[in-house]
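The values are calculated or read from the model by the stated rules, or taken from the named source; none is laboratory data. Keep in mind the model is a prediction, meaning the values are calculated, not measured. Neighbour counts run over all protein chains shown; Cβ positions are idealised from the backbone, glycine included.
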Amino acid sequence: MTAVERPEARPVDTQRPVPVPDELSAPFWAAAARHELTLARCSDCGTLTHPPDLVCDACGSTSPRFAATPVDGRGVVRSWTVVRQSFLPGFADLVPFVLVDVQLVDPALAGQPDVRLVGRLLDGVDAPLSAGAAVRVAFEQLRPDLAVPAFELAAS
Amino acid sequence: MSGRFRARDQVAIVGYAQSPVTRHADRSLGALTVETARAAIADAGLEADQVDGFVTATLFPTSGAHAVVDGVSVVSADWLAARLNPNPRYAAGFSGLGQIPGSMALAVNAIASGAADHVVVHRALHNPRGSYHATSSTEFAGPMQWTAPQGFFGPLAMIALTYNEYVQRYGASREALAEVVVEARKNGARLPWSYWADRPLTREQYLAEPMLDDPISRFDCDIPIDGVAAFVLTSAERARDLPHRPVHVSGYATGAPPTRRLPAHWPLDDLVSAGATMAERLWASAGMGLDEIDLVQVYDGFSPLVYLWLEALGRCPVGEGHRYVRDGGIDSDRPGADPVLLSGGSLGNGRMHGVPQLLECYLQVSGRAGDRQRPDVTTALSCHSSPHLGGALVYSAEAG
Ligand SMILES: [Zn+2]
């Protein structure tokens, strides 16, 4: 996926919390730093999941050897909220902001359990939003080497 | 496998105590718990040295950076036992989210199996100084790395996403939720121990309150408090010789989420599907159905959970909870209504988790509810937490 150039994509001076990658999550965060959304594919059954876990939810494999697999980042909004008071550091200047609950719709997910992500909607609190609205992933660059997934409305 | 609880109605609640519910108690949570447990044991007509079992759940439901210190911010079964009757035959803690059904189940099973004769089940909730949920953490490892960096953090955003999904799908209004919150606060205002004693909320006050995480406002959330409740359980056989009318535990069930999700992510469909199977297990365990329950007390730590419990239990079809509560549907003062928040709930007591629901069922079935006593309550049901991660208990006046 090509990174969309937008002001939010440039590194910002922020105290926002950052992830501490571990063995299971490091491939996800490495891909995110390249502005690429990946899901974890079980090497035994091929099911895509997020986040990866110690045992595959789909086939029960105790050695799922998850492979970070790029997806197209498209999704539909299942729910949202406007956060007006954040309990986290680094968000005081960002409230109010919209959080969206997104079901990913990459064709690779057809016929398998749904995968849902929650992230910020970067279009602002006045953007028209409804259940089923089309979104695509975007990335917020928190540090030169760290980007976290978010979403923006997609033209349908 | 019938799912029938073999110890149905063989274990009974025989006494209780409820501390005052305050923003900050004038003594430690541990001291308050010892006092409350002693009062419950005395209420049951027992002595501390007869209590050979202690059960609790120590969940400290904050997303903030508050220390978990036994006796200060939580009170474990071991901590209480050491101060009431050291080296009991049985001490256990429930670690899941449906803490009241979970810990009551541990106590009932212990008595039914003979592992203990008299068990104190307590729940001690603490309100730390400073912001309850805020954190200054700037690094998140483990499961929270998938949500906190993205700005998804804390239970308000959690329930706001679930409830907005409900609002969008079923057209629930803020006016309907006002009925829930006003009803909880009305009943809570009548309870002498409640933080909200003599302080009901009007519909206008509710509707004027600004949003925190749309569509959730402050009044949709229970307020953090210091408070302790304790219940004494024993066998139905021993209960006959004790001073109060025993209330037997007929069965229990807890929910099982269908899908592993992000931390604190509660998609509406997960709650609905797991709630339905939870209810099936509950009826099988208790050997009775909803139509045989005289009094249902639903959980309301966040007001929308009232709809989700009503629907999970089958009081109304899925998506109809917001209509069920309209026009006095749950008004405890209206004859023929379904007073599911008679306990005041967490919204009307303070953050006592599932205690108010359990307590109201006990008081009504044992005939000890005083001014609030309703006629002919011989069976009751209490809920706690969400239908997919919490659970419910069924009670009966009849011994098994
Ligand atoms: Zn697998």
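General observations
- Number of residues in segment B:209-236 that are touching a residue at least 24 places away in the same chain (Cβ under 8 Å) and either within 14 Å of chain A (Cβ to nearest Cβ) or not small (Gly, Ala, Ser) (or both) equals 18.
- Set B:Tyr132, B:Tyr166: member being of a type outside the set (Lys, Arg) and more than 20 Å from the chain's Cα centre (by Cα): B:Tyr166
- Candidate set from segment A:129-156 (those that are acidic (Asp, Glu) and under 24 Å from B:Thr138 (Cα atoms)); member that is nearest to the other protein chains (Cβ to nearest Cβ): A:Glu140
- Filter result for A:Val115 (within 23 Å of B:Tyr166 (Cα to Cα) and either within 16 Å of the ligand (Cβ to nearest atom) or out of contact with any Leu (no Cβ under 9 Å at 6 or more places or on another chain) (or both)): yes
- Qualifying residue in segment B:137-155 (condition: crowded, with 18+ Cβ neighbours inside 10 Å and part of a strand (DSSP E or B)): yes
This table checks each residue for (1) crowded, with 24+ Cβ neighbours inside 10 Å; (2) at pLDDT 95 or above; (3) within 14 Å of chain A (Cβ to nearest Cβ); (4) under 29 Å from B:Ala17 (Cβ atoms).
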residue	(1), (2), (3), (4)
B:Ile111	yes, yes, no, yes
B:Ala115	no, yes, no, yes
B:Tyr132	no, no, yes, yes
B:Ala172	no, yes, yes, no
B:Glu175	no, yes, no, no
B:Ser194	yes, yes, no, yes
B:Ala197	no, yes, no, yes
B:Arg203	no, yes, no, no
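- Lone qualifier among B:Val355, B:Val340 - being within 30 Å of B:Arg240 (Cβ to Cβ) and crowded, with 23+ Cβ neighbours inside 10 Å: B:Val355
- Residue count for segment A:114-128 satisfying the condition of being under 17 Å from the mean Cα position of the chain (by Cα) and either of a type in the set (Val, Ile, Thr) or within 9 Å of chain B (Cβ to nearest Cβ) (or both): 7.
- Selected residue (only one of B:Gly15, B:Gly53, B:Gly3, B:Gly93 is modelled with pLDDT under 95 and within 23 Å of B:Ser235 (Cβ to Cβ)): B:Gly3
- Every listed requirement among (1) modelled with pLDDT of 95 or more; (2) among the small types (Gly, Ala, Ser); (3) more than 16 Å from the ligand (Cβ to nearest atom) is met by A:Ser86 save one, (1).
- Among (1) within 8 Å of chain A (Cβ to nearest Cβ); (2) in contact with a Ser or Thr (Cβ under 7 Å, 6 or more places away or on another chain) - the single one B:Arg123 does not satisfy: (1)
- Residues being acidic (Asp, Glu), within 9 Å of the ligand (Cβ to nearest atom) and either in contact (Cβ under 8 Å) with a residue 60 or more places away in the chain or within 13 Å of another protein chain (Cβ to nearest Cβ) (or both) - total across segment A:44-59: 1
- Of residues in segment A:30-43 being in a loop (DSSP other than H, G, I, E, B) and within 10 Å of the ligand (Cβ to nearest atom), the one nearest to the other protein chains (Cβ to nearest Cβ): A:Cys42
- Applying the set (1) facing chain B (nearest Cβ under 7 Å); (2) farther than 15 Å from A:Ala134 by Cβ; (3) touching a strand residue (DSSP E or B) at 6+ places or on another chain (Cβ under 6 Å) to A:Asp101 leaves exactly one unmet item: (2).
- Residues within segment A:60-82 that are more than 10 Å from the ligand (Cβ to nearest atom), farther than 19 Å from A:Val102 by Cα and among the aromatic types (Phe, Trp, Tyr), tallied: 0
- Selection of segment B:284-314 for residues being surrounded by fewer than 20 Cβ atoms within 10 Å (Cβ to Cβ) and either among the polar types (S, T, N, Q) or touching a Leu at 6+ places or on another chain (Cβ under 7 Å) (or both) yields B:Leu290, B:Gly314.
- When restricted to residues that are free of Cβ contacts under 8 Å to residues at least 24 places away in the same chain and either more than 7 Å from chain B (Cβ to nearest Cβ) or under 21 Å from A:Thr38 (Cβ atoms) (or both), segment A:65-85 contains 1.
- Only residues that are in contact with a Lys or Arg (Cβ under 7 Å, 6 or more places away or on another chain) and either more than 16 Å from B:Ala57 (Cα to Cα) or assigned to a loop (DSSP other than H, G, I, E, B) (or both) were counted across segment B:85-116, and they come to 2.
- Enumerated strands (runs of 3 or more DSSP E) restricted to segment B:209-257, each holding at least 2 residues that are buried (at least 24 other Cβ atoms within 10 Å of the Cβ): B:227-235, B:247-254
- Sole residue being under 30 Å from B:Ala148 (Cα atoms) and of a type outside the set (Lys, Arg), chosen from B:Gly114, B:Gly64, B:Gly53: B:Gly64
- On inspection, A:Ala110 qualifies as away from the ligand (no atom under 16 Å from the Cβ) and over 22 Å from A:Ala138 (Cβ atoms).
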